[in-house]
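Trainee: Got a structure for you, questions after.
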Amino acid sequence: MNHSPAIIVHGGAGSIPEDILAPMLEGCRKAALEGWRVLDAGGSALDAVEQAAIFLEDDPLFNAGTGSTLNLLGEIEMDAAIMDGHTLAVGAVAAVSRIKNPIRLARKVMEDGRHVFLAADGALRFAREAGIPECSPETLLVEARKKHWEKTHGTIGCVAFDRSGAIAAGTSTGGIFDKLPGRIGDSALPGCGTYACETGGVSCTGNGEAIIRTVLAKTAVEFLLGGSGPGEAARKSVAFLEKKTGAKAGLILIDREGRIGYYRNTERMPVCLISGHNEIVTDC
Ligand code: GLY
């Protein structure tokens with residue numbers, strides 16, 4: 001228990017309107033602090049990731065939980081995953097509605113342990129059995145999202161490194177605007193939008209179809225395994241995605257030494273990272 005903790009959160013990648021950029025950065029800062037408090041008190045990377053993600057899911061500015069974007073039918077269908085780098089335990093949910101905090105449900109799936117991934121009505125049924133509170137879909141839909149839905153899309157994510165040296169990663173999203181009902185993006189797919197192992201933890205954001213095709217989170221870990229530092233691994237992964245698909249994305253990561261990296265080829269990706277002696281950095 002002698003490692004120096006570290007945490008990074010992102011609030012989605014894309015072209016973010018100027019008027020919401022500052023509040024988004026502030027939301028990222030507060031979310032990172034939520035997770036940091038857990039780590040600073042000796043808590044686990046998993047708990048830190050869950051707390052930070054819940055904070056961002058509850059902030060209507062972000063496309064996850066409350067504030068999720070809408071599919072072609074005007075409905076909310078959310079995806080989320082959380083992964084423990086030490087055990088490779090992972091829980092994921094997809095196409096869920098009526099759940100205020102999908103990351104909490106993903107954690108329950110992980111802890112239950114029978115399955116890795118639950119979707120749609122089956123995930124809702126599991127949530128009821130697990131005592132995860134339901135909400136009406138209307139409470140997840142915010143006015144700002146109705147107004148900005150054509151412009152704002154994104155995802156939220158967090159990677160944390162705790163005092164024991166454990167890494168965890170989590171990602172949550174409302175997906176992409178105007179998606180077909182039933183479309184599942186990268187966020188909940190282990191290895192694609194979310195991955196953690198003893199080498200590193202990663203959360204991705206951006207074009208989900210391209211992220212799936214390039215297995216982007218695991219690709220970033222492969223670059224770490226190949227000797228790249230965290231910043232270089234992030235940059236090479238996004239370059240690989242761009243070269244192979246021409247798409248836009250970003251990712252955050254932490255390596256086995258608690259070193260942080262992030263990169264995007266999008267216009268913006270609000271992030272906040274905290275490491276060392278409470279050093280807080282925000283960037284976009
Ligand atoms: N990256 C989020 C999504 O495509 O669903």
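The values are calculated or read from the model by the stated rules, or taken from the named source; none is laboratory data. Model, not experiment: these values are computed from the prediction. Glycine gets a Cβ as well: all are built from the backbone with ideal geometry, and neighbour counts include every protein chain shown. To get the accessible areas, we keep the full protein, side chains included, count just its heavy atoms, and leave off ligands, DNA and RNA. Shrake-Rupley method; radii C 1.70, N 1.55, O 1.52, S 1.80 Å.
Trainee: Quick check on my filter: what residues within segment 180-200 are in a loop (DSSP other than H, G, I, E, B) and of a type in the set (Ser, Thr, Tyr)?
Mentor: 187, 199
Trainee: A further question on this structure: Is it fair to say residue 199 is touching a residue at least 40 places away in the same chain (Cβ under 8 Å) and not basic (Lys, Arg)?
Mentor: yes
Trainee: Let me ask another. Of (1) near the ligand (Cβ under 10 Å from one of its atoms); (2) open to solvent by less than 40 Å² (accessible area, probe 1.4 Å), residue 209 satisfies all except one. Which?
Mentor: (2)
Trainee: Now for a different question. Evaluate the following for residue 215: is it over 23 Å from residue 14 (Cβ atoms) and away from the ligand (no atom under 12 Å from the Cβ)?
Mentor: Here the answer is no, as residue 215 does not meet what is asked.
Trainee: Specify the residue that is nearest to the ligand (Cβ to nearest atom); the eligible residues are those in segment 187-206 that are under 14 Å from residue 157 (Cα atoms) and open to solvent by 10 Å² or more (accessible area, probe 1.4 Å).
Mentor: The residue in question is 206.
Trainee: Report yes if residue 266 is touching a residue at least 12 places away in the same chain (Cβ under 8 Å) and either assigned to a loop (DSSP other than H, G, I, E, B) or on the phi > 0 side of the Ramachandran plot (or both), otherwise no.
Mentor: Yes; evaluated as a whole, the condition is true for this residue.
Trainee: Within the bounds of segment 93-112, is there any residue that is in contact with a Leu (Cβ under 9 Å, 6 or more places away or on another chain), part of a loop (DSSP other than H, G, I, E, B) and within 17 Å of residue 159 (Cβ to Cβ)?
Mentor: No, segment 93-112 contains no residue that is in contact with a Leu (Cβ under 9 Å, 6 or more places away or on another chain), part of a loop (DSSP other than H, G, I, E, B) and within 17 Å of residue 159 (Cβ to Cβ).
Trainee: With 62, 55 as the choices, which residue is in a loop (DSSP other than H, G, I, E, B) and touching a residue at least 12 places away in the same chain (Cβ under 8 Å)?
Mentor: Of the residues listed, the single one that is in a loop (DSSP other than H, G, I, E, B) and touching a residue at least 12 places away in the same chain (Cβ under 8 Å) is 62.
Trainee: For segment 33-49, which residues satisfy the criterion of being touching a helix residue (DSSP H, G or I) at 6+ places or on another chain (Cβ under 6 Å) and closer than 16 Å to residue 254 by Cβ?
Mentor: Result: 35, 38, 39, 47, 48.
Trainee: May I pose another question? What's the number of the only condition in (1) open to solvent by 10 Å² or more (accessible area, probe 1.4 Å); (2) small (Gly, Ala, Ser); (3) touching a Phe, Trp or Tyr at 6+ places or on another chain (Cβ under 9 Å) that residue 182 fails to meet?
Mentor: (3)
Trainee: Since residue 253 meets every condition but one in (1) surrounded by fewer than 23 Cβ atoms within 10 Å (Cβ to Cβ); (2) away from the ligand (no atom under 15 Å from the Cβ); (3) under 17 Å from residue 88 (Cβ atoms); (4) hydrophobic (A, V, I, L, M, F, W, C), which condition does it not meet?
Mentor: Failing condition for residue 253: (1).
Trainee: Exactly one of (1) in contact (Cβ under 8 Å) with a residue 40 or more places away in the chain; (2) part of a strand (DSSP E or B); (3) open to solvent by 10 Å² or more (accessible area, probe 1.4 Å); (4) of a type outside the set (D, E, K, R) is unmet by residue 258. Its number?
Mentor: That leaves (2) as the condition not met.
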